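Asker: Please read through the structure below; I'll follow up with questions.
The values are calculated or read from the model by the stated rules, or taken from the named source; none is laboratory data. Note that this is a predicted model, so its numbers are computed, not measured. Cβ placement follows ideal geometry from the backbone for every residue including glycine, while neighbour counts extend to all protein chains displayed.
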């Protein structure tokens, strides 16, 4: 069985400052992580003793102090 939880990625992209305590949605962010923890717990509860659960992330998160948008070259395909 394989599944993806994309909500944590989206949440961090848009509400990282809230999670760190600088924004107004800290409680909602933490509530979402509790929901995700419950989903993972549900999967763990259904595993057999010899089953293996692998959790993978495509990247981590940290505060982003500056954004740089590099222009595309004129010959770059759209």
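Asker: Any chance segment 50-57 includes a residue that's over 15 Å from residue 3 (Cα atoms) and either surrounded by fewer than 13 Cβ atoms within 10 Å (Cβ to Cβ) or at pLDDT below 90 (or both)?
Answerer: Looking for residues that are over 15 Å from residue 3 (Cα atoms) and either surrounded by fewer than 13 Cβ atoms within 10 Å (Cβ to Cβ) or at pLDDT below 90 (or both), one finds at least one in segment 50-57, hence yes.
Asker: Exactly one of (1) surrounded by 10 or more Cβ atoms within 10 Å (Cβ to Cβ); (2) over 30 Å from residue 67 (Cα atoms); (3) modelled with pLDDT under 95 is unmet by residue 1. Its number?
Answerer: Every listed condition holds for residue 1 apart from (1).
Asker: Here's something else I'd like to know. Test of understanding: among 42, 65, which residue is loosely packed, with under 10 Cβ neighbours inside 10 Å and modelled with pLDDT of 90 or more?
Answerer: Working: 65 fails: modelled with pLDDT of 90 or more.
Answer to the selection: 42.
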